[in-house]
Amino acid sequence: QVQLVESGGGLVQPGGSLRLSCAASGTVFSINNMAWYRQAPGKLRELVAHITRSGSTYYPVSTNGRFTISREDAKNTVTLQMNSLKPEDTAVYYCNADVARSDTDSFREYWGQGTQVTVSS
């Protein structure tokens, strides 16, 4: 089985920064795309950053220029650096990854359990 475990959430003032990390563990052979999503109360889950296996990144307008996604394949980790945080960034943040468990396995989508980020003064 594969587990994604996030860490680094918490409470931060507007304008502050937080760094989220996600580590994939278990039977991990290869990881393709990785991403961070968030879900605020009463809203749909939305993409906040995406990174391909080759390192190409994508950010929606809401996070472009403030958030940076990176990955370290040797450690099966993905990180989200969040700067200039706003109250509207408050949400539960989820790690997402496409993982193959062997060289004959297809890539499957996995989710972390989520970590709370609260931006408030």
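Remarks
- Positions within the stretch 8-42 being of a type in the set (Phe, Trp, Tyr) and either open to solvent by 50 Å² or more (accessible area, probe 1.4 Å) or without any contact (Cβ under 8 Å) to a residue 12 or more places away in the chain (or both), in sequence order: 29, 37
- Residue in the stretch 14-42 that is modelled with the highest pLDDT, counting only those that are on the phi > 0 side of the Ramachandran plot and not in a strand (DSSP E or B): 15
- Taken over the stretch 43-77, the criterion of being farther than 26 Å from residue 120 by Cβ and either in a loop (DSSP other than H, G, I, E, B) or open to solvent by less than 40 Å² (accessible area, probe 1.4 Å) (or both) is satisfied by 51, 52, 53, 54, 55, 56, 76, 77.
- Qualifying residues in the stretch 78-87 (those that are in a loop (DSSP other than H, G, I, E, B) and over 15 Å from the mean Cα position of the chain (by Cα)) - the one nearest to residue 9 (Cα to Cα): 85
- Of everything listed in (1) farther than 16 Å from residue 110 by Cβ; (2) open to solvent by 70 Å² or more (accessible area, probe 1.4 Å), the single unmet condition for residue 5 is (1).
- Among the candidates 104, 90, the residue that is of a type in the set (Val, Ile, Thr), open to solvent by 80 Å² or more (accessible area, probe 1.4 Å) and more than 14 Å from the chain's Cα centre (by Cα) is uniquely 104.
The values are calculated or read from the model by the stated rules, or taken from the named source; none is laboratory data. As the structure is a prediction and not an experimental result, all values here were calculated from the model. Ideal geometry is used to build each Cβ from the backbone, glycine not excepted, and the neighbour counts take in all protein chains shown. The protein model used for the area step is the full one, side chains on, heavy atoms only, and it has no ligands, DNA or RNA in it. Shrake-Rupley method; radii C 1.70, N 1.55, O 1.52, S 1.80 Å.
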